[in-house]
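Below is one structure, written out as structure tokens; comments come after it.
Bear in mind that the values in this text are calculations on the coordinates, not laboratory data. Computed from a prediction, not measured in an experiment: that's the story for all the values here. Heads up, the Cβs are rebuilt from the backbone with ideal geometry, glycines too, and the neighbour counts pull from every protein chain shown.
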Amino acid sequence: MNSAKIAISLNSNLLKELDHLVSRREYPNRSQAIQAAIQEHLTKKHKNRLARECAKLTPHHEKRLAEEGMGRELSEWPEY
């Protein structure tokens with residue numbers, strides 16, 4: 001995947017923590033540490049969104065979605 005260079009500003013405490021991770025060899029460099037942090041944040045955000053959307057489903061609506069497209073075969077399925 002192609003990479004793009006960007007410039008960011010960090011407060012000094014955050015920069016010290018970032019450099020500490022790199023010095024402990026948890027990441028090879030600042031760039032990869034920041035990429036990992038952003039990826040982790042986005043993954044959590046997507047999971048939280050999915051959980052929120054799933055929580056909106058009522059049992060009736062969830063059943064309707066599960067049965068969508070089953071047509072005539074639905075009568076062959078046992079009642080749940």
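Straight-line cross-link reach from K56 at under 20 Å between alpha-carbon atoms covers these lysines, not counting any fewer than eight positions away in the same chain: K44, K45, K47. The S3 and K47 beta-carbon pair, evaluated with R₀ = 22 Å, returns a calculated FRET efficiency of approximately 0.30. The GluC sites (Glu not before Pro) of the range 7-67 meeting both criteria, a DSSP state outside H, G, I, E and B (loop) and at most 11 other C-beta atoms within 10 angstrom of the site's C-beta, are E26.
Along the chain, counting only trypsin sites (Lys or Arg not before Pro) with a DSSP assignment other than H, G, I, E or B and at most 13 other Cβ atoms inside a 10 Å radius, the longest segment between sites is 26-55. Taking a straight Cα-Cα cut-off under 18 Å and skipping sequence neighbours fewer than 8 places away in the same chain, the aspartates and glutamates within cross-link reach of K63 are E53, E73, E76, E79.
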